[in-house]
1. Using only the Cα atoms of region 3-141, each taken as one equal point scatterer with no solvent, compute I(q) by the Debye sum, divide by I(0), and report log10 of the ratio at q = 0.12, 0.17, 0.20, 0.21 Å⁻¹.
2. Connecting C-alpha atoms closer than 10 Å in a GNM of the chain, tell me which of F102, F64, F13 has the biggest fluctuation.
3. Only Cα pairs under 8 Å and at least 6 apart count here; give the relative contact order of region 1-65 as a rounded whole percent.
4. Roughly how many debye, to the nearest 20, is the charge dipole of region 1-43 about its Cα centre, given +1 on each Lys and Arg Cβ, -1 on each Asp and Glu Cβ, and no other charges?
5. Assuming R0 = 22 Å, can you tell me the calculated FRET efficiency for the pair D56 and T96, based on Cβ-Cβ distance, to the nearest 0.05?
6. Relative to the present Cα-Cα distance, how much length would full extension add between S104 and T28 at 0.36 nm per residue of separation?
7. Give me the dipole magnitude in Debye, nearest 20, for the chain about the Cα centre, with unit charges on the beta carbon: positive for Lys and Arg, negative for Asp and Glu.
8. Could you compute the FRET efficiency for R6 and E113, with r as their C-beta to C-beta distance and R0 at 41 Å, rounded to 0.05?
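Nothing in this text is a laboratory measurement; each read-out follows from the coordinates by a stated rule. All values derive from a computational prediction rather than experimental measurement. When we count neighbours, we look across all protein chains shown, and the Cβ atoms used for this are built from the backbone with ideal geometry, even at glycine.
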Amino acid sequence: MGIIIRELETGEFGRVETELWAHYHGQTTDAAIDRIFGAFDGGRLVGSARVRRHPDGCEVDGFFVLDDYRGHGIARKLMNALLEAVGDRTLWMHSTLPLVPFYSTFGFHPVGEAALPPTIRARMVFCFGNMEGCGVRPMLREPPAAG
C-alpha cells in the first residue's frame, strides 16, 4: 500500500464529505475553522482526521478510515500528521470507548464531561450528560512541555 498522508487544501474539503464522511455520520466541513488531513491511495481518499477551532478550544474529530484500509496503520499516520501540525495546542476529543486506548498512545487522557470547553461539550448534548452511556469518553491532550 503506497499511502500518502497530507493536509487537504480547502478546495478538497468536499471530497471528505462525499467520499468518507457520508459513511460516518454525514459530517460537514467548514474551511474557516477546519484543518483536515487525508490518507490517499493513489488518487483515492481513504482516511481523514480533522482539527476544528472552536471559540474556546480545538477539537480533534472526523477520524475515519474506509473499512478495506483498516488495520494498516493509516489512523496512526493520520494522527501523527495532525499532531505534527497542531500538537503544540491543547486538543480535546470525544473518543468512542473502544478507541480510548489508541488515542492514549498519543498523549490523550480521559477527562470528565465538565472539563470540556462549553462549545465542544455542546456537540454531544444529545447524550444528556451521560456521554459514556452514548459510548463516548471525553479526552484531552496537553501540548508537550517545552524543554
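1. -0.45, -0.93, -1.30, -1.43
2. F102
3. That works out to 32 percent.
4. With Lys and Arg at +1 and Asp and Glu at -1, about 80 debye.
5. On the way: r = 23 Å, r/R0 = 1.05.
The pair D56/T96 has a calculated efficiency of 0.45.
6. 24.7 nm
7. 200
8. Given R0 = 41 Å and the Cβ-Cβ separation, E is 0.75.
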